[in-house]
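Working notes, beginning with the structure itself.
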Amino acid sequence: MARKVRFSATVPLATGALLTVLLLTLSNGSAQSVQGGSDDLPWLEVEKTVTSPNVPTVWIQGSGKEPQELEVTITVSPRGEPVRKIRPQDVALVLDESGSMEDPLNPNPQGEFQPAYKDELAYDSVNMYLSNLMEPDRGLLIFFNEDARIVGDHYFTTNYSQLSDELDQFSPLGQTNLRSALDRVNHAFETDGDPTHQSIAIILSDGAPTFSRPEHNVTTDQVNRTRELGVELYTIGLGNDHDARLLRWLAASTGGQYFFARESEDLERIYVGISELFINLTAGTPEEGVPMIKDVLPPHVHLVEDSFSIPPDRIIRTEDGGTILIWNGTTISFVNPGGGIDMKMSYRVTLSKVGDSVDLHRPGESRLHYMDVNGTSRTVSFDDLTAHVLYYAKGEAYVPVPPPPPSPPPPTLPYGGQPLLAPPPEMSTLIPQAPPVAGAMGAETALPYQYFVAGMMGLGLAERIRHRKVILTKHKIALRA
């Protein structure tokens, strides 16, 4: 079940001056809320679900039966509808102009549909973004292959029709030099950036850098300079051949976001989604050093190698054999941008514990953490999620392992439950019924020396021997007397 947090917000926008957001709360009676504002404020929902198989029943790891794997998905969804107040932006639209951009996105399309070419997709998507700008927003085009160039004889401009016309100069050829592109981005913002505007660069690339001499690789110094200028890099990988690790690093290092456009319809939605980041933003990344998503797995949950849709930033092994998965906000890829931007990440696991309700994460420890736009820290825990795990042994029927028998009760101690130094003796066996013995003065006694010896059973061996000798000596003296 989804959980939600409510709060008020002030957010930056893609379409123009500072945006105060009042969001209409969507009613969801089954969602649990964390208090933080009035009833008509925005919230985030987080949900972890088993997405394959449909019924979360699997066989124990190593059983030889299928299925043994579960796919789980974590979804973070912003909710609400903003009332807008605009903050202007300076945006550099940076396009990979290498020769591979002339290729179709899907070389072997299924059915009768014509393939979509990457340069045409880029052209249409950037034009769409430009059409949504409004004064005082400013734009700039940068194309890059072996070298990068600022298109036109100007820096940032509000002449959006001119920028649209300049897109016609896009002509893919040559190799990829991303370092040169980042140099042009930094130069543009150093020269003409407006510190009162939101500073954004959207970088689209379809492949790894191929202009590969060391002096053409992106450097840490470059990225540090971008961050010093306050420029957020939003990176888009187009198709399956792009360098996802590099693009993700650029975004994470500057407070931007990485996106993956697998299909032709994805690209335009991503550009819309980047705009929506500044319009429908209900939360931001948490304070420095705090992960946005923390998923804590118990020791019986085992990750399937290379099964992540979005690899976590860190994987931590705990002392008891468990696993902690960490995703920071700047590396989470958005899906369905433009329609309530959901963050999704999924992975597969196997299980080495049987039972009807086997935990898939540690309740209370797995959570979403973020900072609302008022600067208030928010934490939302995952709801419990379990699976039914079956067991199989060779030659036996396929049945669940029965639960272990209950532990036997502790033994009851005799004599009031108090522990003894030695087992209590049975007096009738230790003390013979001897006939009366006449004493020296003619009186009778029924207390032979064994009675006194039996009374010393709780003493140590040396003490018993010493006392026995004393008693025997006194007894002999008494008889002689």
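Quick check on the range 178-190. Is at least one of its residues of a type in the set (Asp, Glu), farther than 23 Å from Leu238 by Cβ and at pLDDT 90 or above? Yes, the range 178-190 contains at least one residue that is of a type in the set (Asp, Glu), farther than 23 Å from Leu238 by Cβ and at pLDDT 90 or above. Of everything in the range 323-338 that's at pLDDT below 95, of a type outside the set (Ser, Thr, Tyr) and open to solvent by less than 50 Å² (accessible area, probe 1.4 Å), which residue is nearest to His361 (Cα to Cα)? My answer is Ile326. Taking the criterion of being among the charged types (D, E, K, R), without any contact (Cβ under 8 Å) to a residue 60 or more places away in the chain and either surrounded by fewer than 17 Cβ atoms within 10 Å (Cβ to Cβ) or under 24 Å from Pro104 (Cβ atoms) (or both), the residues of the range 225-275 that qualify are Arg227, Glu228, Asp243, Arg245, Arg262, Glu265, Asp266. Does Arg362 count as open to solvent by 50 Å² or more (accessible area, probe 1.4 Å), over 25 Å from Val58 (Cα atoms) and modelled with pLDDT of 85 or more? Considered against the rule, which asks whether it is open to solvent by 50 Å² or more (accessible area, probe 1.4 Å), over 25 Å from Val58 (Cα atoms) and modelled with pLDDT of 85 or more, Arg362 comes out as no. Across the range 368-388, which residue is most open to solvent (accessible area, probe 1.4 Å) among those that are touching a Lys or Arg at 6+ places or on another chain (Cβ under 6 Å) and under 20 Å from Ile326 (Cβ atoms)? So the residue we want is Thr379. For the range 131-140, filtering for residues that are crowded, with 20+ Cβ neighbours inside 10 Å and in a helix (DSSP H, G or I) leaves 0. Quick check, is Thr196 in contact with a strand residue (DSSP E or B) (Cβ under 8 Å, 6 or more places away or on another chain), modelled with pLDDT under 90, among the β-branched types (Val, Ile, Thr) and in a loop (DSSP other than H, G, I, E, B)? Considered against the rule, which asks whether it is in contact with a strand residue (DSSP E or B) (Cβ under 8 Å, 6 or more places away or on another chain), modelled with pLDDT under 90, among the β-branched types (Val, Ile, Thr) and in a loop (DSSP other than H, G, I, E, B), Thr196 comes out as no.
Only residues that are surrounded by 24 or more Cβ atoms within 10 Å (Cβ to Cβ) and either in contact with a His (Cβ under 6 Å, 6 or more places away or on another chain) or under 11 Å from Phe143 (Cα atoms) (or both) were counted in the range 183-206, giving 5.
The values are calculated or read from the model by the stated rules, or taken from the named source; none is laboratory data. All values derive from a computational prediction rather than experimental measurement. Cβ atoms come from the backbone with ideal geometry, glycine included; neighbour counts cover every protein chain shown. Note: areas computed on protein heavy atoms with side chains; ligands, DNA, RNA excluded. Shrake-Rupley method; radii C 1.70, N 1.55, O 1.52, S 1.80 Å.
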